[in-house]
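Below is one structure; the comments refer to it alone.
Bear in mind that the values in this text are calculations on the coordinates, not laboratory data. Note that the coordinates shown come from a computational prediction; the quantities given were computed from them, not determined experimentally. Please note: Cβ atoms are built from the backbone with ideal geometry, for glycine as well, and neighbour counts cover all protein chains shown.
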Amino acid sequence: MDMFIITKVVLFLLLPPSILILMMGVGFIIIKRHYRIGRVFIFAGFSMLYLLSIGPVSDAMIRPLESSFPSLHKVSLKFGDRPNLIVVLGGGALDLSWVGVRPLPSRTSVTRLVCGITLYRQTPETILVISGGSGNPETPNISEAKAMKGVAVALGVASKAILLDEDSRNTVESAKNLKRLNGNKRLFLVTSAFHMKRAIAMFKKTGFDPIPVPCDYKSEQKRITIFSFIPHAGNLQNSSTAIYEYMSLLWYKLRGELS
């Protein structure tokens with residue numbers, strides 16, 4: 001089996017809510033024979049599910065990732081320092097063939113793309129590079145880059161100003177494939193703020209000198225009230241995303257693929 005698919009499956013099982021459901025399931029199975037251990041598994045699963053689903057916890061987990069780099073408007077670039085490449089990393093695509101609609105970029109991909117297009121309009125004579133094949137083993141034939149290009153063209157970006165990388169399934173492959181597609185080392189790198197720390201490290205390891213352009217922020221600046229402690233699926237998703245990033249940073253660091 002492809003190592004890429006194996007990694008995806010293992011990560012899926014280790015991330016919430018899957019790992020928490022497994023913990024509680026094991027607890028219910030063994031509680032009759034091993035009451036104390038079973039109770040610990042069930043209590044731990046429910047407690048972690050609750051904590052990861054509330055705003056203060058999810059924000060505390062994902063914010064350190066999102067604050068790794070300042071937003072671009074806080075960075076002043078001289079005209080001569082501006083790269084001529086804007087690389088937008090894909091964040092998923094939707095297979096809507098069941099309703100007769102061509103594949104569309106996910107919400108994450110659209111957010112990154114809009115950020116890239118905004119920068120493209122501010123930096124004349126740049127090339128917009130959209131990177132992303134299919135990072136989802138369930139939809140291996142869907143091209144994130146192609147779906148995103150359709151939206152970019154619809155928003156007024158000239159087709160000739162867009163370069164596609166449709167072969168990359170993850171960030172490491174995006175960096176390596178881009179090195180083969182284009183020799184320029186200096187570039188703008190557009191991706192979600194929570195993903196930027198890993199993306200920058202991988203691109204630097206490959207030999208690039210990227211300027212981070214973070215977008216798609218998940219954490220918010222809001223005061224804590226009683227409503228902050230009501231569980232929400234969005235908070236659980238943010239917590240899961242943060243855990244995935246921390247695990248990925250550790251995994252790729254051990255493999256020597258981070259700068």
(request) May I ask for the distance between the Cα centers of the range 28-58 and the range 143-172, given as a whole number of Å? (result) 43 Å
(request) Rounding to the nearest 20 debye, state how big the charge dipole of the chain is about its Cα centre with +1 on each Lys and Arg Cβ and -1 on each Asp and Glu Cβ. (result) 460 debye
(message) Springs between alpha-carbon pairs under 10 angstrom, Gaussian network model over the chain: which of L96, L13, L119 fluctuates most?
(response) L96
(message) Only Cα pairs within less than 10 Å get springs; with that Gaussian network setup on the chain, which residue of A242, A152, A233 has the largest fluctuation?
(response) A233
(request) Going by C-beta contacts inside 10 Å, put T206, T7 in order with the fewest on the left. (result) T7, T206
(message) Net charge around S219, counting only other residues with Cβ within less than 12 Å of its Cβ (Lys, Arg = +1; Asp, Glu = -1)?
(response) -1
(request) Net charge near Y252: determine it from the other residues with C-beta under 10 Å of the C-beta of Y252, scoring Lys and Arg +1 and Asp and Glu -1. (result) +3
(message) What do you get for the angle between helix 171-181 and the principal long axis of the chain? Use alpha-carbon atoms, 0 to 90 degrees, nearest ten.
(response) 20 degrees
(request) Compare the Cα positions of G92, V10, V40 along the charge dipole of the chain (+1 at Cβ of Lys, Arg; -1 at Cβ of Asp, Glu; about the Cα centre) and return the one farthest towards the positive end. (result) V40
(message) Given a 10 angstrom Cα cut-off, can you work out which residue in Q122, Q221, Q237 is the most mobile in a GNM of the chain?
(response) Q221
(request) Would you mind getting me the FRET efficiency between V153 and V40? Use the beta-carbon distance for r and R0 = 51 Å, nearest 0.05. (result) 0.40
(request) For every other residue with a beta carbon closer than 15 angstrom to the beta carbon of K149, add +1 if it is Lys or Arg and -1 if Asp or Glu, then tell me the sum. (result) 0
(request) Mind giving me the FRET efficiency for V9 and R223? R0 is 35 Å, r the Cβ-Cβ distance, nearest 0.05 is fine. (result) 0.30
(request) Could you give the size of the charge dipole of the range 59-210 about its Cα centre, using +1 on the Cβ of each K and R and -1 on the Cβ of each D and E, expressed in debye and rounded to the nearest 20? (result) 460 debye
(request) Tell me the trypsin sites (Lys or Arg not before Pro) within the range 198-227 that lie in a loop according to DSSP and have at most 15 other beta-carbon atoms within 10 Å. (result) K222, R223
(request) Output the pairs from K176/K253; K8/K253; K176/K205; K146/K218 with a Cα-Cα distance over 20 Å in this structure; if there are none, say none. (result) K146/K218
(request) Evaluate the charge dipole of the range 130-259 about its Cα centre and quote only its size in Debye, nearest 20, assuming +1 on the Cβ of each Lys and Arg and -1 on the Cβ of each Asp and Glu. (result) 440 debye
(message) Suppose a student asked you for the relative contact order of the range 104-206, using Cα pairs under 8 Å spaced at least 6 residues apart; what percent would you report?
(response) 28 percent
(request) Run through the DSSP bridge list for the chain and note the antiparallel percent, rounded to the nearest 5. (result) 10 percent
(request) Could you check the simple spin-label distance between E125 and L254, using points 7 Å along Cα→Cβ, in nm with one decimal? (result) 4.8 nm
(message) Quick check on the range 75-215: of the DSSP beta bridges with both residues there, what percent are antiparallel, nearest 5%?
(response) 10 percent
(request) Note the listed values (1) 36, 21, 18; (2) 28, 20, 17; (3) 28, 24, 18, then indicate which one is semi-axes √(5λ) of the Cα gyration tensor in Å calculated from this particular structure. (result) (1)
